[in-house]
Every structure is written in C-alpha cells, then in structure tokens.
Amino acid sequence: MIKDLVKRNRSYRGFDESFKVDEETLTELIDIARLTASGANAQPLKYHPIFKEEEVKKMNSLTRWGKMLTNMTLPHPGQFPTAYILMFVDTDICKEPKNADADLGIAAQTIMLAAVEKGLGGCMIANFDKEAAFEAFSHKPNHRPMLALAIGKPIETVKLVDVNEDGSTKYYRDDRDVHYVPKRKLEDILI
C-alpha cells in the first residue's frame, strides 16, 4: 500500500556500508523515474548513477547532512551510503534549472519510494557542493547538478511523531540516536 511506503520512506542518515547497491538497481530506479510526469512533458532531467567505490567516496565528501542537528556530524563514521543518484537539469531543454523543481521533486520521490519497496532507503540532499559535483560527474556544460539521492541499506531508526505544542517541525535525536520527525496532524492541515 502506498501509505505504508510513504511512512517507511524517511530521510535516512545511517547506512550499512557492507551492503553495496549495484549499477543494475540504480538503473532500474532511474528507469522508474523516467516514466513520471514532467512539466509540459519536457523531460529535462538527466541522471548519473554513482556506485563505484571511488565515486561514492567523492560524492560523500561533497555532501552536507542534517543541518538541524548542530551537535553531531552525520552520517556517523562507517555509516555512509554506498550509492547515489545525482540528478541534473539539462539547460538545453530547460533554460532556467529552478523551473524544473517540480520535475525534480516528482522524480526524486518516485525513486525513493521504489528504493523503499526494494528494502533500501535514502536521503534527498540539496546541500552539496554543486560546482565540485559538476566537475567530478558531468561531461556536458548544459548539465547542472541539482539534487543528490543517497541510496543504501538503512541501519537507523526513524520515528514519526506529532508536532509538539510549540508547533516546531524541527527533527531531533534522542540519547539512543533514534531520529524523530515531527509531522503536523491531519486536522491541522485541512482548510
């Protein structure tokens, strides 16, 4: 059921590094995203699967995780993802990359849901060194990196909780490193 997939599709920041995500799996996830809706059916997105160890290490070095958790660095040592899908906008198709934000969101969420269905998990990361990623992973000047999807076998616990009385939606961790994600109640979002 789609609701169950959505509940399990969390932003994971801890992975089993012994579980390697292969090129075939990433290609399958990209193929599913290829079928999603696109504004004016322009289909401006391009994808670079990252699964080779040296490329994964490079991408790990370019990412910044969990900026709301200022008292820790994530992922913890030995818990990095073993693959990424780097999403690009082709500026020959979409002159202004920000105009493809809806396409990026639709495709990224589809990839993450498909990953969860396979027993994997991930994290959508917009906070990465885009210029360095462009230099490392793009071969065409019209391909602009916009979003990195970390993919792996999650090893952390993420729990959904109701937003506190103060209305804060800031995620947090307890002393056992359990990650809590506050969600607004249904009655609070219906207008």
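Annotations
- For Glu53, the criteria (1) modelled with pLDDT of 95 or more; (2) in contact with a Leu (Cβ under 9 Å, 6 or more places away or on another chain) hold in every case but one, which is (2).
- Meets criteria (touching a Leu at 6+ places or on another chain (Cβ under 8 Å), modelled with pLDDT of 95 or more and not assigned by TED's automatic domain parsing to the domain that holds Ser38) for Val181: yes
- Unique match (being within 17 Å of Met124 (Cα to Cα), of a type in the set (Val, Ile, Thr) and in contact (Cβ under 8 Å) with a residue 12 or more places away in the chain) among Thr82, Thr91, Thr25, Thr36: Thr82
- Unmet criterion (only one of (1) of a type in the set (S, T, N, Q); (2) surrounded by 12 or more Cβ atoms within 10 Å (Cβ to Cβ); (3) on the phi < 0 side of the Ramachandran plot) for Ser18: (2)
- Test: residue in the stretch 74-81 that is over 17 Å from the mean Cα position of the chain (by Cα) and within 23 Å of Lys118 (Cα to Cα): yes
- Checking each residue of the stretch 65-80 against the condition of being closer than 27 Å to Cys94 by Cβ, surrounded by fewer than 19 Cβ atoms within 10 Å (Cβ to Cβ) and at pLDDT 95 or above gives no match.
- Conditions (1) under 16 Å from the mean Cα position of the chain (by Cα); (2) closer than 27 Å to Thr169 by Cα; number of the one not met by Ser61: (2)
- Neighbours by Cβ (under 7 Å, 6+ apart or cross-chain): first from the stretch 148-159, closer than 15 Å to Thr27 by Cα; second surrounded by fewer than 18 Cβ atoms within 10 Å (Cβ to Cβ) and among the aromatic types (Phe, Trp, Tyr): Gly152/Phe19
- Residue that is surrounded by the most Cβ atoms within 10 Å (Cβ to Cβ), among those in the stretch 160-191 that are under 22 Å from Asp4 (Cβ atoms), out of contact with any His (no Cβ under 8 Å at 6 or more places or on another chain) and in contact (Cβ under 8 Å) with a residue 24 or more places away in the chain: His179
- Test result for Asp129, modelled with pLDDT of 95 or more, closer than 16 Å to Ala33 by Cβ and either out of contact with any Gly (no Cβ under 6 Å at 6 or more places or on another chain) or surrounded by 15 or more Cβ atoms within 10 Å (Cβ to Cβ) (or both): no
- Every test in (1) within 21 Å of Glu24 (Cα to Cα); (2) without any contact (Cβ under 8 Å) to a residue 60 or more places away in the chain is passed by Ala114 save one, and that test is (2).
The values are calculated or read from the model by the stated rules, or taken from the named source; none is laboratory data. Only a predicted model underlies this, so the values are computations on that prediction, with no experimental measurement involved. As a convention, Cβ positions derive from the backbone with ideal geometry for all residues, glycine included, and neighbour counts pool all protein chains shown.
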